[in-house]
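Chemist: The structure that follows is given in the form of structure tokens.
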Amino acid sequence: MDFYGFYTGQEFTAYSYLGAHLGDEGTVTVFRTFAPNAMNVSVIGEFNHWQETPMQKAYDGNFWECSIENAREGMMYKYRIYSKNGTYIDHCDPYGFYAELRPGTASIIYGLSNYEFQDAAYLKRRKSGRNIPMNIYEIHAGSWKKPSEPEDSWYSYRELADLLIPYLLQNHYNFVEIMPLSEYPCDESWGYQGTGFFSPTSRYGTPDDLRYFIDRCHGENIGVIMDFVPVHFAVNDYALWKYDGTSIYEYPHNDVGVNEWGSCNFMHSRGEVRSFLQSSAYYWLKEFHFDGLRVDAVSNLIYWQGKPERGENQLTLQFIRTLNKGLKERIPSVVLIAEDSSTYNGVTRSVEAGGLGFDYKWDLGWMNDTLSYMQAPPQERKEKYHKLTFSMDYFYNEAYLLPLSHDEVVHGKASIVQKMNGADYLLKFAQARLLYMYMFAHPGKKLNFMGNEIGHMREWDEKREMDWNLLQYPQHDAFFHFMRQLNEFYFANPAFYEMDYDRDGFQWVDCQNAKNAIYAFLRKAKGQTILGVFHFGDEDIPEYELTLPEGKEARLLLCSNWDCFGGTEAKEEITCPIEKSRLKIAVNRFSALYFSVE
């Protein structure tokens, strides 16, 4: 480890020095921790019957280390850290590579190089260019499916590989994004209140089990994105909070030290903290072969407490730029995604060009406007018509990704299908199909949370698996097959992804039809043009006419109202009178159509 780089916030491999490292023979473990203000530090663990083995000051006196014989892989340990006032707290290792299952709080000795990956060919061809398709399935590993009813009954990482990978393949997802897997104490936090930034949660198995899961995904050309939380950490006193008796990871004052989630904000002004987080991010990408990171709550990094009125946090902005630039220099093919609700300019611009260096940014404006529009009664949609055109006014400012994530199906917000306006069950599904055809035609990569694809009716609950029994009901089964076919259509048609961020890849055909709440636009790629027509009104339009590009004709490819999807029209009964450069069609209420323009 470069100590100067560690102190100045430039280090990315601090975990190679700090933490518990097995010796060559596996019978001696070297323990190191950073506790500059501690009076004394000892190691306690299974290997010494939880009695203190003193650590000695190392390097410049801010580090502590010791070597312990018979401290073997799989044994639990903690650091007993004495403050200047003589009191002590037993802490888990901030750089620990494995952790005891909650409610236990010990770290576990675990080697870094046990697992032999088989994904070299995959990594060689992996790329993060913006002209590739990305259809992301977001999951919570503990509640996608469960082996039995108890709340703390979970499938292991290895079992998930057997169950989830075939599901992803059958339903045409090429990325899976997993909610935070770094160790955390409280199930209800979903991993966003972390305690182990180098420890995969032991709820689902060992670190090598997680490596196996990722390796298996890569064997099927499925990318794996991890939710990464560099903004804040859990307040539990056994972890980072007042680690050496003082605030070395968090701010000492609550006005900036505690956030709206009740957790501690990282003090990014300290180089040691920036190096800790940068090393954590690199650790997941290098040691586990994750394909990317979705960085949580980026607006809280850009602005003090996430509030623009409090001003930009310049040192935190420096941290983001150093993090993203450093990760890209080390592993150019990884994908870096910002969950950012702010209007800060340049989030997906390169660091060299003055931006923050992310590859993509969640389009939370699109998400909020679209869902608000779908919740409105049809008669109000005429007044709110430009909620759906507004996204294209700003779309090319950043490289946006369209998310319908876990955040939209919890805390009283209702599931996606339940958000659709009205009480009529069938019309809710008709509107959901319309929503998704609009989403997949709109420029930007795609993300959907688990359960969206089966028309989940209740809000997500991390204690329960998804309601898979819904697929016994015809409307849900039809919707599930609609989503599968829509996903397949996305990959089969480059017009829907190849020129997402090129202005020539999108063209409005009808964006002034508020009276009928109807929209039409073209999506283009080299050698392909697709027309999308979207009717958000509640009255059928017997004759809707569009002008096509000169000399072109339209051929129907997909309709949300086909009866095979739970709609009302037989596939063979859809007719489209077409003249050269003119398209005349009947458009049903709450329906969408895709046409090939040739």
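The values are calculated or read from the model by the stated rules, or taken from the named source; none is laboratory data. Keep in mind the model is a prediction, meaning the values are calculated, not measured. When we count neighbours, we look across all protein chains shown, and the Cβ atoms used for this are built from the backbone with ideal geometry, even at glycine.
Chemist: Quick one: count up the residues across segment 467-482 that are assigned to a helix (DSSP H, G or I), in contact with a helix residue (DSSP H, G or I) (Cβ under 8 Å, 6 or more places away or on another chain) and either over 17 Å from Ala430 (Cα atoms) or among the aliphatic types (A, V, I, L, M) (or both).
Modeler: Count: 4.
Chemist: Moving on. Going through Thr370, Thr389 one at a time, which residue ends up being of a type in the set (Ser, Thr, Tyr) and part of a loop (DSSP other than H, G, I, E, B)?
Modeler: Matching residue, one of Thr370, Thr389: Thr389.
Chemist: When segment 468-489 is examined, which residues are found to be touching a residue at least 24 places away in the same chain (Cβ under 8 Å) and surrounded by fewer than 21 Cβ atoms within 10 Å (Cβ to Cβ)?
Modeler: To start, the set of residues in segment 468-489 that are touching a residue at least 24 places away in the same chain (Cβ under 8 Å) comprises 468, 474-475, 478-489.
Matches in segment 468-489: Trp468, Pro474, Gln475, Ala478, Phe480, His481, Arg484, Gln485, Glu488, Phe489.
Chemist: Considering Glu383, Glu408, which residue is in contact with a helix residue (DSSP H, G or I) (Cβ under 9 Å, 6 or more places away or on another chain) and acidic (Asp, Glu)? Walk me through how you get there before you give the answer.
Modeler: On the way: Glu383 fails: in contact with a helix residue (DSSP H, G or I) (Cβ under 9 Å, 6 or more places away or on another chain).
Being in contact with a helix residue (DSSP H, G or I) (Cβ under 9 Å, 6 or more places away or on another chain) and acidic (Asp, Glu) holds for just one of Glu383, Glu408, which is Glu408.
Chemist: How about segment 262-273: which of its residues are closer than 14 Å to Phe233 by Cα and surrounded by 15 or more Cβ atoms within 10 Å (Cβ to Cβ)? Even if it seems obvious, please write down each step before you answer.
Modeler: We begin by selecting, within segment 262-273, every residue closer than 14 Å to Phe233 by Cα; these are 262-268, 273.
Answer for segment 262-273, where residues must be closer than 14 Å to Phe233 by Cα and surrounded by 15 or more Cβ atoms within 10 Å (Cβ to Cβ): Ser263, Cys264, Asn265, Phe266, Met267, His268, Val273.
Chemist: All but one of (1) among the hydroxyl-bearing types (Ser, Thr, Tyr); (2) closer than 20 Å to Ser199 by Cα; (3) free of Cβ contacts under 8 Å to residues at least 40 places away in the same chain hold for Thr53; state the number of the condition that does not hold.
Modeler: If we test Thr53 against (1) among the hydroxyl-bearing types (Ser, Thr, Tyr); (2) closer than 20 Å to Ser199 by Cα; (3) free of Cβ contacts under 8 Å to residues at least 40 places away in the same chain, just (2) comes out false.
Chemist: Condition first: surrounded by fewer than 16 Cβ atoms within 10 Å (Cβ to Cβ) and closer than 21 Å to Gly26 by Cα. Now tell me which residues in segment 74-111 satisfy that.
Modeler: Hit for segment 74-111 is Gly74, nothing else.
Chemist: Hey, could you check segment 120-151 for residues that are without any contact (Cβ under 8 Å) to a residue 12 or more places away in the chain and assigned by TED's automatic domain parsing to the domain that holds Asn171 and say which is surrounded by the fewest Cβ atoms within 10 Å (Cβ to Cβ)?
Modeler: Per the criteria, the residue is Ser148.
Chemist: Go through the residues of segment 553-562 one by one and say whether even a single one is at pLDDT 95 or above and either outside any strand (DSSP E or B) or of a type in the set (D, E, K, R) (or both).
Modeler: The answer is yes, given that some residue of segment 553-562 is at pLDDT 95 or above and either outside any strand (DSSP E or B) or of a type in the set (D, E, K, R) (or both).
Chemist: Among the residues of segment 399-417, how many are in contact (Cβ under 8 Å) with a residue 40 or more places away in the chain and either surrounded by fewer than 16 Cβ atoms within 10 Å (Cβ to Cβ) or not in a loop (DSSP other than H, G, I, E, B) (or both)?
Modeler: Here the count works out to 13.
Chemist: For residues that are small (Gly, Ala, Ser) and touching a residue at least 24 places away in the same chain (Cβ under 8 Å), scanning just segment 356-398, find the one that is farthest from Asp510 (Cα to Cα).
Modeler: Top of the filtered list is Gly357.
Chemist: Continuing with this model, one more query. Of the residues in segment 490-524, how many are free of Cβ contacts under 8 Å to residues at least 40 places away in the same chain, of a type in the set (A, V, I, L, M) and either crowded, with 19+ Cβ neighbours inside 10 Å or out of contact with any Phe, Trp or Tyr (no Cβ under 8 Å at 6 or more places or on another chain) (or both)?
Modeler: Total meeting the criteria: 3.
Chemist: Follow-up question, since we're still on this one. What are the residues in segment 24-39 that are touching a residue at least 24 places away in the same chain (Cβ under 8 Å) and surrounded by fewer than 17 Cβ atoms within 10 Å (Cβ to Cβ), if any?
Modeler: Scanning segment 24-39 gives Gly26, Thr27, Val28, Val30, Pro36, Asn37, Met39.
Chemist: What residue, of Phe233, Phe276, Phe198, Phe266, is assigned by TED's automatic domain parsing to the domain that holds Ile302 and either closer than 22 Å to Ser405 by Cβ or acidic (Asp, Glu) (or both)?
Modeler: Being assigned by TED's automatic domain parsing to the domain that holds Ile302 and either closer than 22 Å to Ser405 by Cβ or acidic (Asp, Glu) (or both) holds for just one of Phe233, Phe276, Phe198, Phe266, which is Phe233.
Chemist: If you don't mind, there's one more thing I want to ask. Tell me whether segment 58-67 contains one or more residues that are of a type in the set (Gly, Ala, Ser) and in contact with a strand residue (DSSP E or B) (Cβ under 8 Å, 6 or more places away or on another chain).
Modeler: yes
Chemist: On to the next question. Residues that are charged (D, E, K, R): which strands (runs of 3 or more DSSP E) entirely in segment 63-176 hold 2 or more of them?
Modeler: 63-69, 76-82
Chemist: Separate question: Return only the number of the condition from (1) part of a helix (DSSP H, G or I); (2) touching a residue at least 60 places away in the same chain (Cβ under 8 Å); (3) aliphatic (A, V, I, L, M) that Ile320 does not satisfy.
Modeler: Condition (2) is where Ile320 drops out.
Chemist: If a residue must be in a helix (DSSP H, G or I) and either touching a His at 6+ places or on another chain (Cβ under 6 Å) or not hydroxyl-bearing (Ser, Thr, Tyr) (or both), how many such residues does segment 420-447 contain?
Modeler: 14
Chemist: In addition: How do the pairs read when you match residues in segment 280-293 that are within 9 Å of Met226 (Cβ to Cβ) with residues anywhere that are modelled with pLDDT of 95 or more and basic (Lys, Arg), using Cβ under 9 Å and keeping only pairs 6 or more apart or on different chains?
Modeler: Leu285/Arg330; Phe288/Arg211
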